[in-house]
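Computed from the coordinates by the stated procedures, all read-outs in this text should not be read as laboratory data. Everything numeric here is computed off the predicted structure, so don't read it as measured data. Backbone-built Cβ (ideal geometry, glycine too); neighbour counts: all protein chains shown.
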Amino acid sequence: DTEVTQTPKHLVMGMTNKKSLKCEQHMGHRAMYWYKQKAKKPPELMFVYSYEKLSINESVPSRFSPECPNSSLLNLHLHALQPEDSALYLCASSQDRGSRVAQYFGPGTRLLVL
Amino acid sequence: AQKITQTQPGMFVQEKEAVTLDCTYDTSDPSYGLFWYKQPSSGEMIFLIYQGSYDQQNATEGRYSLNFQKARKSANLVISASQLGDSAMYFCAMRDLTETSGSRLTFGEGTQLTVNP
């Protein structure tokens with residue numbers, strides 16, 4: 001089973017709302033990632049969790065708050081977002097170590113901030 | 001710092017023909033991995049193929065093969081017998097294999113492939 005699931009598929013929120021994006025994988029991967037992707041652009045790394053600990057934060061604004069409750073779940077809490085935060089948010093997972101580590105992505109959440 | 005360059009913003013191919021998507025890279029790391037991903041309009045990034053810097057043979061996965069030329073720092077993706085479902089954005093990516101935790105990918109800007117019937 002090489003599936004990463006993400007909910008919701010689409011999300012519309014106002015700038016004062018609080019919402020959360022959810023990601024789940026059951027591949028036994030110990031590294032999980034959040035990416036932001038604008039149209040026609042490559043994904044931009046936001047956060048990396050390794051063994052449920054935050055290992056990389058790519059200077060993401062504090063209005064984005066990641067959480068890794070356990071090895072299968074990854075959340076991204078959103079608060080006071082700006083319209084420029086509208087994008088496709090992709091979750092991925094991978095084995096933590098090894099030379100042939102590939103990241104497996106979920107279908108993404110399309111976020112629109114009004 | 002690592003850099004991936006995809007010089008073809010868009011490519012067109014006739015159904016059933018082969019197509020090559022270009023990717024060149026720059027890194028000072030001796031150990032690295034190269035990946036290709038496909039992203040249909042639905043949004044999901046689909047892992048296609050991997051090539052390690054020390055691999056002696058070019059990687060193949062079904063209709064996908066990777067033309068790896070280490071001295072030229074290129075890792076072109078070859079898709080044989082194109083199908084309409086191959087129409088998508090294709091990203092080349094690199095990973096530094098010396099990283100000790102997680103796997104940070106550096107992506108190219110992508111190539112939009114359109115397969116014509």
Per GNM of chain B with C-alpha springs under 10 angstrom, the most fluctuating residue out of B:34, B:66, B:105 is B:105
Within the range B:30-55: backbone nitrogen closer than 17 Å to the residue B:84 label point (7 Å, Cα to C-beta): B:40-42
With no solvent and one point on each alpha carbon, what is the Debye value of log10 I(q)/I(0) for chain A at q = 0.14, 0.16, 0.22 Å⁻¹? -0.52, -0.68, -1.26
What number results when the radius of gyration of chain B, computed over Cα atoms, is divided by 2.2 N^0.38 Å? 1.03
Expressed in nanometres to one decimal, the distance between label points 7 Å along Cα→Cβ at residue B:17 and residue A:110 is 3.1
Do any cysteines in the protein assembly as shown lack another Cys Cβ under 4.7 Å, and if so which? A:68
Give the Rg/Rh ratio for the range B:1-69, taking Rg as the radius of gyration of the Cα atoms and Rh as the Kirkwood radius, to two decimals. 0.97
May I ask which of A:9/A:38; A:38/B:70; A:38/B:38; A:9/A:40 have a Cα-Cα span longer than 24 Å here? A:38/B:70
So which residue, out of A:21, A:78, A:90, gets the largest mean-square fluctuation from a GNM of chain A using Cα contacts under 10 Å as springs? A:78
Within a 10 angstrom radius of the beta carbon, how do A:5, B:24 rank from fewest other beta carbons to most? A:5, B:24
Could you tally the net charge around residue A:81, taking each other residue with its Cβ under 11 Å from the Cβ of residue A:81, Lys/Arg +1 and Asp/Glu -1? +1
Chain A, Gaussian network, Cα under 10 Å: of A:39, A:31, A:92, the residue fluctuating most is A:39
Using a simple spin-label model with points 7 Å from Cα along the Cα→Cβ vector, what separation in nm is obtained for residue B:61 and residue A:67? 3.4
Reach of residue A:53 by Cα under 19 Å, taken over aspartates and glutamates that are not fewer than 8 positions away in the same chain: A:24, A:67, A:96, B:99
For a label point 7 Å from the Cα of residue A:38 along Cα→C-beta, name the residues of the range A:64-90 whose backbone N is under 11 Å from it. A:84-87
Ellipsoid semi-axes in whole angstrom, largest first, where each is sqrt(5λ) of the Cα gyration tensor of the protein assembly as shown: 30, 21, 15
Taking every DSSP bridge whose two residues both lie in the protein assembly as shown, the antiparallel percent to the nearest 5 is 90
Can you sort A:56, B:46 by how many other beta carbons sit within 10 Å, fewest first? B:46, A:56
